[in-house]
Amino acid sequence: MIIGIGADLCYIERIRRSLRRLGDAYLDELFTKDERQARGSVTDPAAFYTRAFCGKEACAKALGTGFTNGVGWRDIEILQTQSGTTLRLSDGALERLRQLTPIGCRSSLHITCASNPMIAQVSVIISAF
């Protein structure tokens, strides 16, 4: 059964401007060490971080909280690799997932990311079985 759905899209230029203006302070506020290390040698860091930003927004929507009620930006990790993208939750986001998951069921997180040179889009579905 589906217990949450979220989607988000964002112009890459918006994140590019934030990266130029705020630099590491911006990255430190929003992204975990593991997310930042996964960037590796991507050709467009702004596109990489825009997909991650959208993934966090989409997951927060699927959790039904946004970034309130104890769910923070670094509680949702978007781990992008060449083999695919995965979600990892911790702290407030993980607690919210536990609250959403029916007793006796297990939850599963599904993420789909896409981008072109201008925009990124991410969808997140949380299911229970």
In the chain, carbon and sulfur make up what percent of the accessible area (probe 1.4 Å)? 52
Could you compute the FRET efficiency for residue 116 and residue 36, with r as their C-beta to C-beta distance and R0 at 41 Å, rounded to 0.05? 0.95
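Using the Cβ atoms and a cut-off under 13 Å, what net charge is assigned to the surroundings of residue 80, where Lys and Arg are +1 and Asp and Glu are -1? Numbers along the way, then the final one.
Details: positive: 36, 39, 51, 56, 88; negative: 34, 35, 44, 77.
In short, +1.
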Would you calculate the separation in nanometres between label points at residue 13 and residue 86, each defined as 7 Å from the Cα along the Cα-to-beta-carbon direction? 3.6
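The values are calculated or read from the model by the stated rules, or taken from the named source; none is laboratory data. Computed from a predicted structure; not experimentally measured. Ideal geometry is used to build each Cβ from the backbone, glycine not excepted, and the neighbour counts take in all protein chains shown. These area figures cover heavy atoms from the full protein model, side chains too; ligands, DNA and RNA do not enter into them. Shrake-Rupley method; radii C 1.70, N 1.55, O 1.52, S 1.80 Å.
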